[in-house]
1. Report yes if some residue within region 18-27 is open to solvent by 40 Å² or more (accessible area, probe 1.4 Å) and more than 9 Å from the ligand (Cβ to nearest atom); otherwise report no.
2. Could you please give the count of residues in region 158-175 that are of a type outside the set (A, V, I, L, M) and open to solvent by less than 60 Å² (accessible area, probe 1.4 Å)?
3. In region 31-55, what residues are under 20 Å from PHE74 (Cβ atoms) and either assigned to a helix (DSSP H, G or I) or open to solvent by 80 Å² or more (accessible area, probe 1.4 Å) (or both)?
4. Looking at (1) open to solvent by less than 20 Å² (accessible area, probe 1.4 Å); (2) without any contact (Cβ under 8 Å) to a residue 60 or more places away in the chain; (3) part of a loop (DSSP other than H, G, I, E, B), which one does ILE137 not meet, given that it meets all the others?
5. Within region 260-270, which residues are at pLDDT below 95 and open to solvent by 50 Å² or more (accessible area, probe 1.4 Å)?
6. Cβ contacts < 9 Å: first residue under 11 Å from ALA23 (Cα atoms), restricted to region 56-85; second residue hydroxyl-bearing (Ser, Thr, Tyr), any location; separation 6+ or different chain. Result?
7. Could you grab me the full set of residues in region 194-203 that are open to solvent by 10 Å² or more (accessible area, probe 1.4 Å), within 26 Å of LEU256 (Cα to Cα) and of a type outside the set (A, V, I, L, M, F, W, C)?
8. Checking LYS238 against (1) at pLDDT 90 or above; (2) surrounded by 14 or more Cβ atoms within 10 Å (Cβ to Cβ); (3) of a type outside the set (Gly, Ala, Ser); (4) closer than 29 Å to THR200 by Cα, only one condition comes out false. Which one?
Amino acid sequence: MPYIGRFAPSPTGHLHAGSLITALATWLDARHHNGRWLLRIEDIDPPREVAGASESIINSLRAHQLEWDDTIQFQSQRSPFYEQALQQLREQNKLYACCCTRKQLRAIAETRHTHSYPGTCRDLDLPEGDSALRLRIDSGQVSIVDALAGPIEENVQHTVGDFIIRRRGPLFAYQLAVVVDDALQGITHVVRGADLLDNTARQVILQRALGYPTPAYLHIPLAVQADGRKLSKQTGAKPINNSDALCNLQFAWKFLGQQQPDADLGSVAEFLQFAVPNWRRDRIPATLQPISVAESSSNS
Ligand code: GLU
């Protein structure tokens, strides 16, 4: 079976220990399966973007010799494809404009004791303008088998309801961009952090609506700080130090539960040469619980 994987960072900060773990896992899984590995920069959220972060991530991947195939794709340059997908859904009457404010949604959630969207604007036929657009879900039932988490059953109508695929602004929503790009790039295997597991059912619904195949999924445990917060620029995660590439990779390898080499490996190239054939999915800690990393040990 052909294998096309990808690493799809959002340029919201430098690469840190947590994002390097994901990068390494996706790269190894692809290379172990003789697959291709694509790099996609998910820069569709200008308010969250940090200047220089894309270049910094790309430089760090190079320094760690995680080489990609093809040219790097930037989501900011792919609007026509997202527009086309919206148009396809519009023609099938699967889109509707929503003018609910956050405040209104909060109030509704409090009375209904659920965050799923109750469909307030579903049949109002509001003009689109710059409003948010929601996907009209007919059947929300999804069955996924995650390579680590196992079978997952979810009814998206119950958990989230008709979800937003274009945000007010208008801005393309992550769900739309990721589904369109995974399909157009022919991604067969998605490997990513477990924080995105609960987005997967929505993505499967959208794939179905657009007539796309569903890739195989593997969600790896999320690396968190000792206090349980996700590693990110906001929580003070240190950028990865490119001159400690070998040490950083060994740390990520260990986090991923992989077997330590018998002898010392002296260079990044040697380490990666050892890692590709020795990568074992069944050694990844099989837990949906986040795992804490002592930040310092990734850079020491
Ligand atoms: N861009 C997302 C992130 O950096 C990852 C998207 C994905 O892998 O589906 O969290």
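1. Step one: of region 18-27, the residues open to solvent by 40 Å² or more (accessible area, probe 1.4 Å) are none.
No, that holds for no residue.
2. 7
3. Of all residues in region 31-55, those under 20 Å from PHE74 (Cβ atoms) come to 36-55.
Hits for region 31-55 are ARG36, PRO46, PRO47, ARG48, ALA51, ALA53, SER54, GLU55.
4. If we test ILE137 against (1) open to solvent by less than 20 Å² (accessible area, probe 1.4 Å); (2) without any contact (Cβ under 8 Å) to a residue 60 or more places away in the chain; (3) part of a loop (DSSP other than H, G, I, E, B), just (2) comes out false.
5. Pass one, region 260-270, residues at pLDDT below 95: 260-266.
Result: GLN260, ASP262, ALA263, ASP264, GLY266.
6. What qualifies is ILE57/SER19; SER60/SER19; LEU66/THR26; LEU66/SER60.
7. Across region 194-203, the qualifying residues are ASP195, ASP198, ASN199.
8. It is condition (1) that LYS238 fails.
The values are calculated or read from the model by the stated rules, or taken from the named source; none is laboratory data. Just so you know, these numbers come straight off a predicted model, no measurement behind them. Positions of Cβ are generated from backbone atoms using ideal geometry, with glycine treated the same way; all protein chains shown enter the neighbour counts. Heads up: the accessible areas ignore ligands, DNA and RNA and are worked out on the full protein's heavy atoms, side chains in. Shrake-Rupley method; radii C 1.70, N 1.55, O 1.52, S 1.80 Å.
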